[in-house]
Structures are given as C-alpha cells and as structure tokens.
1. Ballpark to the nearest 100 Å², how much total accessible area do B and A bury together, probe 1.4 Å?
2. Using the heavy atoms of the protein chains alone and a 1.4 angstrom probe, what is the accessible area of region B:336-434 per residue in square angstrom?
3. Thinking of chain B as a set of Cα atoms, what percent of all their pairs are more than 43 Å apart?
4. Using θ = phi - 60° and the Karplus form 6.51 cos²θ - 1.76 cosθ + 1.60, what ³J(HN,Hα) does each residue of region A:70-85 get, whole Hz, x for Gly and Pro?
5. Once you charge only the Cβ atoms, +1 for Lys and Arg and -1 for Asp and Glu, what is the size of the charge dipole of region A:460-549 about its Cα centre, to the nearest 20 debye?
6. Report the charge-dipole magnitude of region B:414-522 in Debye, nearest 20, computed about the Cα centre from +1 at each Lys and Arg Cβ and -1 at each Asp and Glu Cβ.
7. Near the amide H of B:Gly434, under 5 Å away, which other amide H atoms are found, from residues 5 or more places off or on another chain, if H is placed in the peptide plane?
8. On a 0 to 90° scale, report how tilted helix B:395-404 is relative to the longest principal axis of chain B, with both axes built from alpha carbons and the result rounded to the nearest 10.
There are 2 protein chains.
Amino acid sequence: MAGAAAAVTRRAATLLLSSRFRTPASRVASLIPIVGACNRRFLCASSVSARTAEPAEAASQLGETVKDFRKRLRIDEVKGGPDQGLDWVGKDLTVRGWVRTCRVQSSVTFIEVNDGSCLSNTQCVMTSDAEGYDQIESGAVTTGASILIEGTVVPSQGAKQKIELKVTRLVVIGRSDPTTYPIQKKRATREFLRSIAHLRPRTNTFSAVTRVRNALAYATHKFFQENGFVWVSSPIITASDCEGAGEQFYVTTLIQNDTEGNNFNVSKIPTTKDGKIDWSQDFFGKPAFLTVSGQLNGETYACALSDIYTFGPTFRAENSNTSRHLAEFWMIEPELAFADLNDDMACATAYLQYVVKYVLENCKEDMEFFNTWIEKGIINRLNDVVEKSFVQLSYTDAIDLLVKSKKKFEFPVKWGLDLQSEHERYITEQVFGGSPVIIRDYPKEIKAFYMRQNDDEKTVAAMDLLVPRVGELIGGSQREERLDYLEARLEELNLNKESYWWYLDLRRFGSVPHAGFGLGFERLVQFATGIENIRDAIPFPRTPGSADF
Amino acid sequence: MAGAAAAVTRRAATLLLSSRFRTPASRVASLIPIVGACNRRFLCASSVSARTAEPAEAASQLGETVKDFRKRLRIDEVKGGPDQGLDWVGKDLTVRGWVRTCRVQSSVTFIEVNDGSCLSNTQCVMTSDAEGYDQIESGAVTTGASILIEGTVVPSQGAKQKIELKVTRLVVIGRSDPTTYPIQKKRATREFLRSIAHLRPRTNTFSAVTRVRNALAYATHKFFQENGFVWVSSPIITASDCEGAGEQFYVTTLIQNDTEGNNFNVSKIPTTKDGKIDWSQDFFGKPAFLTVSGQLNGETYACALSDIYTFGPTFRAENSNTSRHLAEFWMIEPELAFADLNDDMACATAYLQYVVKYVLENCKEDMEFFNTWIEKGIINRLNDVVEKSFVQLSYTDAIDLLVKSKKKFEFPVKWGLDLQSEHERYITEQVFGGSPVIIRDYPKEIKAFYMRQNDDEKTVAAMDLLVPRVGELIGGSQREERLDYLEARLEELNLNKESYWWYLDLRRFGSVPHAGFGLGFERLVQFATGIENIRDAIPFPRTPGSADF
C-alpha cells in the first residue's frame, strides 16, 4: 500500500478534481483505495482502511480529529470561467464523472466525461500508452459508466471546446452495461424518461432543469433575505377547518397495511355506532389534511415579524391530468405587513425580475441550451421580463379591452366572469407584446373570502400576474384586515366563523394592513426553462395514479 | 385629500420606516389613507383610492406601471448598527409596529414599539402636545395594539438604549383590547403559548427563535450553494415500497368527509371482494405515504449531479409525546458523490460550524437573549463548536471507553447494542468536555441496510455526530455502492428486492462511492437556541392529538 501510494504521489495531479482532503498524504489515501480496488469489483475505499493509512494525524489520546472539508473542484469551475479553461493549460487535473460518449479511433480515443456541475463535458483524449488503456480495449468505458481520469490540460484541437484533457491514467469506477443502460445516445421521449425518474437527471435536459431550478430556489431565498423577510415553515399537515373540504388529501393512521404489506380490512377502521369513521382515534384526534396553502399561517407570522415568506410543498387532490397540474408542488408565499396592494404588486414584480436576472447571469450555459433545444427565443423573453416595466390594469379595464378587441374567444367575456387562459394570453401576448401584466381589482364573487374589499363594494384588492406562455404565474391580494368586514364576508359565504377564530384574532389584536402573494414554484421553473410539461419541472412528479420513486 | 397630503408632506419624515415607495409623492399617497382612515374603524388605504391619488404616474394608454419595490427600513437597521442608532440622531423617522408597553407618566408617556425585525423595541417619548395624544388619553395605546409613530431620533436618557424617538405624531392602526389580549406582561407558560401559536411570535422568546431558525435555514442554503451542492426537492408523498411500513402516515382520498363536514361512512370505502381496501381506486392507484426521508431519492440525483442536498419536511407517525419528537419536522439531507465516510464527516463538521458561526455573527442580540433567559452559557458552548476540532472515534472504542469508565448506566453497555442517550451524553459532556464527537463504524445489525459494509464484515461505515445536551444531531453513512453487497444485505433482511429496483439501478449503471447525512432541522434550532421542547422550535408543531392552526 505504501509503495503504491508513493507511486501515485509522484504522478499525482497537483489539482484533484474532487478531492476534499487537505494534505497531499491524505489526498493519496483517498485516492488509493478508490482507485486501486475499483478495477475489478467496484470496490472503493472502505473508511476503515482509509483511516489506517493516516495514523500520523491521530489526535491526542482518544479518537482522531475530523478532516477539513474542502470544496470539490468541479468541471464548471475549470471550463466555466471567462477563458473557458485556457488558464488551466499545463496543469494536472483529476476528473471524476460519468461517461457520455467514448469514441475509439485508430490512434486516439475520445472520452466525454460529465460530472453534473454543468452541461459541458470534459473531452479526454487518450492514447494507447496511457495507464488503464486496457479498460478501453475491454469495452468497459461505455455510456453511463463512472470513471476517474487523470491528465494534463491542453488546448483543444476541436471547435467545440477550448481545452481538453490529455489522459495519463484512466480508472473505471462503476461499469454500465450498454445493452441494458436505458439512456442511450438516441433521444428518449419525455414520457419514457418520466418512467426512469431516477436516471433522467443524467440527461442534458434534466440536469439543466435541475440546475436552473436550484438557482431559482436560491435566488428566491436571497431576494427575500436581502429584503428583510423571514422564512417561516407553514405546516404541511393541518387539522384546521379553515382549509375547507374538497381537493384535499387526508392524512391518517386509521388505515395501515400490515408489516408484510397485506391489505387492510376496512372492518378494522374504528367507527362510531352509526358506522361513521371515529376520527377521535386517528393520530391527530380529528380529520387531518395536507395543506393547500400556507398563507393563513403565514399571516400570523407577518402580524408579528412584519415581512415573512414561506417556501414549502403544498398539495391538491385534483383529478386533472394536464401539463399544468401536479398533486404535489412547491409554493412561495410572502406576506408583507403594513402593506397594500401596490406594495404587493411592487414586491411580486421585483421578486420575479430578481430571480429571472439571477438565472440569466448564473446559468448562462443552461439557458443557451434551452434557447437552442427547448424554446427558441427564451433568453430574449426573459431579458424582456428583467428590463421592461410591468403594466398593471384593473379587471374592469381588462374586460373592456377584451370586449373592444372584437376577437372571438371560446369562453364568454363579461364583467363578473373569471378570465380564462385564452383571455390572459391575449392580453399579455397580443395587447402588451409579451410583457408581463398584472390584472387587479377583481369582482369579489370570483375571489377568496380573505381578500380586502375595495371602496366600490364590488371588487377586491386582488392581483394576478400574467406572463406569456404560462399565463397566471403569481396570484395575490391585500388581505381584509377589518374585523367587521371579514366576519360579514364569512357569514355571506356560509363559512363557519368559529373555525377561523385564530385568523380573526389577527384582526382583533393589533390588526394591520397586509398583503401577500403565492407563486407555484414549478410554474416558475417552466417559465424560466421553457419546459412544456410541469411533470418535467420537479424531480419526482406526483399526479393521479403516479407516486412512484 | 390633496390638502391633507400636502400637510403630511410638510411634516413628512425624510426617512419612512416602512415605506417602500420611491418618490415623496407616492410615499405620501401610501401614508394618507393608512394613516387617515385608521383612527376610527381600522380602515386603511384601499388600493383604488391609493391609485386615484397618483394619476401623474399612469403609463401610456393602457394600464399603469407597477411601482418600484423598496426594502422596508426596519428597527434593526436603525438600532442594530455599531453606533446602536446614534448615527440617526436628528433624523426624522416613521415607525410601524406593535406596542409592547405604554407607560403614562405625569409629564411624558413612554411607548415601546416592536416591528419584529429585532428583539429591541423603539422607545418613543411623547408629550401631550404631540398629534394623536388623544389616543393615549382614550386608552387606545395598549399592549398588542398596532401603531404608526412619526418622530425625531434623539439620544436617550435611559440606560437601556442609546436612542429614542421624540414623537411628533401617533396613529393607532389596530386596537388590542387589554381585557382579552392573551399576551400580557406577566410571563405566560410555554404550554399556554402553544395553545395560541398564532400569537406567540409576538413574544420575545418566539420572535427570537423565529429569527434564529430563519438564519439557520439561510446559512444552510448558503453553505451548500457555496460548496457547489444543488438543492433537490425529494418527494413528500410516496408510493414507493422502499420506505417500509410502520410509523408512516397514509395519504388517501378514499376517505373524505362531505363538504358540510359530515363524517364519512366507512361503508363507502371501495373494497375488494374479501373486504380489504381496494387501493387501485385511491388517488395514486396504490397505498401512498408521507415520506420519512428523502435520502434514497437524493442518492439518485447525487449519482447524476455529484453533490446535492434536500431541505424539506419529513414525517413520523410515532406515538411519542416527548420534548424531542415531532410528527412533522424538516430535514436537511446532503449526498456527496465520489465521497467516503471521511468526506462525509468532514462535510457534516464544516456544515455545523458554518451555520453556528453564521448565527453567532448575525443574531447577536437574539443569542444574548437566549444566553440570559433560556440557557446560560449557550454562546460559549456554540463558540466551542465553531472553534474546537471535532473528535471522531469508532463505536468499538466508544464501547471500550464506556466499559472502562466503571460508571453505572441505566442501559447496558455491550458491543452490538445501540448507544443510549445517557451514553452519548457521557461521551460528549464528560469525556470530551462539551465538544462535539463523531462515533463511527457501528455494528451492521443496528444500522440501516444501505450502509456500506466495512472490511471487518461486522461494522458499517456509519457515523453519528453527538453534541452536548441534544445528543445525536446528525446521522450519516457511506452508502453501499457495490451491487452484490447491497443485494445480499436486502436478502439477509428479507426485504423485497423488486421494490428497490431503481435504487439498485444506481449500482448497476455507473455506480460511485457516495455518502451523506441527515439532520433534523428542529434539533438544530434547539441546539442553537437552548429551547428545551422541540415543539417550540417550529412555528406550528404537529404531535399526537395536535394539528391545530
């Protein structure tokens, strides 16, 4: 072991693409077993042997000190810079990743390796004198195999990249049988890829969507944190009656298959004497559901901490199999205290511009990929969102505009009826030429009970932010903070006032004008990537009949 | 309206603590209605009237431009600086918040206002000549009321703060009846406060916990993002058989109360002919559960994108009413590709040190509050975590150490038995003097099937990170990446191999050594705040019999 370690040290890359260890000695220790044993049976460093190799760093009497954590050097850091990697020429590098393609030519072999950090592969050029060339000859270097490659960065002969890696050593870490590996070069359908949701992030499209989704999430946190909002986790399970029945999932322990997975006999469900479910024996002592929105809970914290936001999963047991609906999706719901609808619209606009700008600046390569392969022109469309002023107009004006357009719509246009997708798209795409539009002050009959009544007594201070292609991306409102108005509205709608006791308390004790909005995160991912089906905007989509993985 | 606006303009604060608008004109517009109408019936700016007041900014033909969003100036930005607000002396300020106390003395009245941005109140000093003094006389300025105060920053006479606000104008926005407002000056019990979870963030303790919780969450994202990890949302609902039965919540639409809330008759549940539940008619076509961990899903993405982390809710239907258990809690689960247990321990250590350091640096005032009122010495304890090297020792060494201690434990100490809380606390608190300790290489019989077997064939590459007071904070392992080992282990444990087809696929196609860990976020909040009961570490705790709000 020690001899092998020394041999590796002499050859060792000065920069190890994936090593997290500090000292050269421990770098070697981390390399040896992974490298040495992997050739045959996918073995790698057992932690025990790795530890044995480093007795020098043992701490005092008892135990040892934990190693320092180091950021892993990734392909995007080498190739993603302004020089596209040219500043790395002459340096030694170790790449760990998955083989995208391996082309064996008469004199050289080209291996494209991807580590998931960016769309770009590292092109590795290998000649027969390099260590591990027998792996090429044996056919082990196939699409999907995981490998480790050591080499020297050289300028590339090809037009597609500035640099490539001249291989000195190749090790196959994990093989991938080309006859059974489901992701082959020929393009697979999205439907098929959904059936292998565990492997689809290894494709260009899904790795790019994952990175953009990540960037949107982080930008969301950055925006709100930089503006003084506090993240609040609204509850997922709720027995609150406020949520209202219908389209909710029940959460229960009253039904349980046994540990062998045998089906549950309904006769075992505890009932009251009239044959109804005895909820008092359920886990929470009453019916409990998966939340459909964290807004009401969010309001309680806004009425204490001023500005808050939630970012968590929400659920709809809606039996709709469309490209726009998920049974489980993530929502972002900010709530602003001492704020009215104007503040709310300003916040929604600033938020959307911020996250879109963040993605354009931080996911350039992925966005170019979407621009070429998924939706031509998406970069321009998003640039417009960042640069253009958003327009707001009232629902009443929007209806006027639609009526005056004399355009034939499938659904009727009439004051009091909700706007349909075709109307919304006409407004953003035709009237405002692709610019996002906010429609505000909707008739109270078509909006939720908690929205603040306007002085005209017919409309409420609601707003919907519409974007081209996706339609409604954000929906928000100023909340009714006047106790008497809110109670009257609950009565009008035959809602049980007692259920809302805590929500009404916010209006009893130090009530403040406040407003907020909700944004379906997967819709935002669709909007920013051009991905057509919402099932491709979340890692593991849940839809009617489908909750695998 | 115009006259009133002008009057306010003359008097207007140059800095409006809470105004988001850009131009002085619109600032006034936002003030007028909120201020003007609120005195009597909690009215505030309807968006319609606010818009009417600003016709000058209407855009071109159709609609208007949305206003610019501005960060709200908050009390912590005034008082939280190095000068504790002295740099603001002489400036005009508008504060919006909730009254903590109001003390009427013969010549002056002291009002303490809090806006939730920090623990500190703003002390407002008001004399009878200030506008709105009638509100004091009428008794409207009570604990819990929301108010707006305009005034000038002056050096404070008191010892508790450097500055105070000399009030020129007071407006009560929302009253709070002192006879019914549940949060009075005398200290309420934690149990009572849990019953008013919608109001408890208005107390010092819970607003501080909320801010620290927020800081820990943001620091979590920052740490992983800065180190190249990608956030992945693992699914909440899962029909995957991998999770195993028991202690899981079922998610179903087979039982549903009707829209009037009338109880469901069990005879309506669809059954097969032998009286068992017919899962094929459920929403997902088979039994579905709330996830207990996102790890297996996380591994699929790590085996494509290299380093990922999840941060989302997880669930246990465990009937334990303790101060350490929740039915719904948030988990952070990073997964590192091309990594072994040493990398995993290094990552866990670096992560914990990072987030603790972040809180110590960014939540100074809140941490001093905890240090004084919740857990004396917590700041020193956390400083130790940041500064000390973490020690690791093997499970075998830990057992040796416990046996040799000759200490009488309640639970037996023997190789092969799991460590109990008393053992863990003895190790961290007694043996290592309050330093976090990682125990590694546990017997495989007491650990999960997916953990990587060590060369000794008796232990697995698992690790638990123990901290004083809380005990196990992080649990992780290197995952078994060798297909044959993993399949053998599934068979040994009588687990159904077919259920794990996709998990096994990761070992079939380009398998890589990988490792990860899980951290219960509420345990981290407990650890960082000293809060004793985990129900006080999350806004709306879910426990057996309790899912209100």
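The values are calculated or read from the model by the stated rules, or taken from the named source; none is laboratory data. Since this is a predicted model, take the numbers as computed values, not measurements. No Cβ is skipped: glycine too gets one built from the backbone with ideal geometry, and neighbour counts run over all protein chains shown. Please note that ligands, DNA and RNA were not included when accessible areas were found on the heavy atoms of the full protein model with its side chains. Shrake-Rupley method; radii C 1.70, N 1.55, O 1.52, S 1.80 Å.
1. Values: alone 27750 and 27780 Å², together 40700 Å².
Rounded to the nearest hundred, the buried surface is 14800 Å².
2. Values: 4520 Å² over 99 residues.
On a per-residue basis, 46 Å².
3. Working: 54881 of 150426 pairs.
Result: 36 percent of Cα pairs exceed 43 Å.
4. Once θ is set to phi - 60°, the couplings for region A:70-85 become 10, 4, 6, 6, 10, 4, 5, 6, 7, 8, x, x, x, 8, 6, x Hz.
5. Numbers: 10 positive and 14 negative charges, 33 e Å.
Computed charge dipole of region A:460-549: roughly 160 debye.
6. Numbers: 14 positive and 20 negative charges, 32 e Å.
Dipole of region B:414-522, to the nearest 20 debye: 160 debye.
7. Result for B:Gly434 returns B:Glu429.
8. 90
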